[in-house]
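The block underneath contains the structure these notes are about, expressed in structure tokens.
The values are calculated or read from the model by the stated rules, or taken from the named source; none is laboratory data. Quick caveat, the model's predicted, so the values are computed rather than measured. Neighbour counts run over all protein chains shown; Cβ positions are idealised from the backbone, glycine included.
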Amino acid sequence: MTTRLNRRHTLLALAGAVAAPALIGRATTPAQAAAPLQNVPGPLFHRFKIGDFEVTTLLDGAALVDGPHPIFGNDQPAEVVHQLLRENMLPETKVRFYFTPTVVNTGEALIVFDTGNGQGSNFGGGDMVMQLQAAGYTPDQVDIVVITHFHPDHIGGAATDGAPTYPNARYVTGAVEHNTWSQIAMDDPENGIGKLYTANLKPQLEKFTFIDPDDEVVPGIRAVQSFGHTPGHLSFHIESGNGRLLIWGDIANHFVASIQRPDWHVVFDMDKEAAAATRKRIFDMVAADRIPVVAYHSPFPGVGMIDAKGGGYRWIPETYQIEAMGAG
């Protein structure tokens, strides 16, 4: 046995000695041609199952801008915000916003949640129709468009070149949200959001259904009160089979600053105290029930969970939790 093993080791060593020069020669030979840069975008959509529902998040652009302070921690010294960023290995003077509309196919209806930036946005994007098509859908297939709130990056894509982007869809949105912005549009015709409402939504009002918190969009999809960011902001709870999901819109606009410091004021929040209270209430709910969420402005694909251990909150990007929970 020892002799056979020694002989085998000797043969392997000799084989290695013979092969080594060839390997070394190959390693030192110059490359024949450099591989070209691809210059193509990353994934445009991300798809998963919630029970019998198929959910697809779309990347409608991303923008790197100055910040996060004073956008986040508007009531805090800059150094306090910078310290939080350093602790999380993030840049102190730049922040990236992602824009992530969501499509839910219930098998009975194709539903789009928020319409993205649309044409001419200062934040870029405006590619939602292209992303929708990359995901296998066309705008005329959309049955329902749900709007969480009326900020430009959520209603900007409701019209394209002056015509409805989703010609066969009916719209669902919060009654409080609509009443707020329709009144602003009447009182101040030069208000930017009011003008966008007038251009993109008002011509389609005959197709609108206005709902309140706890109302259903379709069976399995229910509105959740999340006022504060805007006066009538709504989130949407999805439940099918053993799966649950919350599409939370703009409850939190940054995956660190807004989540780890929910009390901090955010420039975009119209009622800053109400928005902070909403964040904590929703974070506690999804953490306790282990509900995955789609966060519109979190890094794409925008799907994650909230950990509430230790008296604080943190964002956990989704990897395979949804499938493991039996939602797929």
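Data for the structure
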| quantity | calculated |
| --- | --- |
| Residue list for the stretch 115-132, restricted to those being part of a helix (DSSP H, G or I), modelled with pLDDT under 95 and of a type outside the set (Val, Ile, Thr) | Met128, Met130, Gln131 |
| Residue list for the stretch 138-157, filter: farther than 16 Å from Tyr296 by Cβ and either buried (at least 24 other Cβ atoms within 10 Å of the Cβ) or in contact with a Phe, Trp or Tyr (Cβ under 8 Å, 6 or more places away or on another chain) (or both) | Pro139, Asp140, Val142, Ile144 |
| Qualifying residue in the stretch 53-62 (condition: buried (at least 23 other Cβ atoms within 10 Å of the Cβ), assigned to a helix (DSSP H, G or I) and in contact with a strand residue (DSSP E or B) (Cβ under 7 Å, 6 or more places away or on another chain)) | no |
| Filter result (at pLDDT 95 or above and within 18 Å of Ala185 (Cβ to Cβ)) within the stretch 154-169 | His154, Ile155, Gly156, Ala158, Ala159 |
| Some residue of the stretch 192-210 being surrounded by 16 or more Cβ atoms within 10 Å (Cβ to Cβ), in contact with an Asp or Glu (Cβ under 9 Å, 6 or more places away or on another chain) and not hydrophobic (A, V, I, L, M, F, W, C) | yes |
| Given (1) on the phi < 0 side of the Ramachandran plot; (2) in a loop (DSSP other than H, G, I, E, B), index of the condition Arg96 fails | (2) |
| Some residue of the stretch 234-245 being polar (S, T, N, Q) and touching a Leu at 6+ places or on another chain (Cβ under 8 Å) | yes |
| Selected residue [of a type outside the set (D, E, K, R), touching a strand residue (DSSP E or B) at 6+ places or on another chain (Cβ under 6 Å) and surrounded by fewer than 23 Cβ atoms within 10 Å (Cβ to Cβ)] from Tyr313, Tyr320 | Tyr313 |
| Among residues of the stretch 239-286, those that are in a helix (DSSP H, G or I) and among the hydrophobic types (A, V, I, L, M, F, W, C), counted | 10 |
| Condition met for Val103 (at pLDDT 95 or above, crowded, with 18+ Cβ neighbours inside 10 Å and farther than 28 Å from His237 by Cβ) | no |
| Failed item, numbered, when Met186 is tested on (1) within 21 Å of Gly120 (Cα to Cα); (2) of a type in the set (A, V, I, L, M); (3) out of contact with any strand residue (DSSP E or B) (no Cβ under 9 Å at 6 or more places or on another chain) | (1) |
| Out of Val142, Val172, Val146, Val176, sole residue that is at pLDDT 95 or above, more than 15 Å from Asn117 (Cβ to Cβ), among the hydrophobic types (A, V, I, L, M, F, W, C) and out of contact with any strand residue (DSSP E or B) (no Cβ under 8 Å at 6 or more places or on another chain) | Val176 |
| Any hit, the stretch 178-189, residues being over 21 Å from the mean Cα position of the chain (by Cα), among the polar types (S, T, N, Q) and surrounded by fewer than 16 Cβ atoms within 10 Å (Cβ to Cβ) | yes |
| Residue check for Ile111: closer than 26 Å to Ser258 by Cα, at pLDDT 95 or above and either assigned to a loop (DSSP other than H, G, I, E, B) or not aromatic (Phe, Trp, Tyr) (or both) | no |
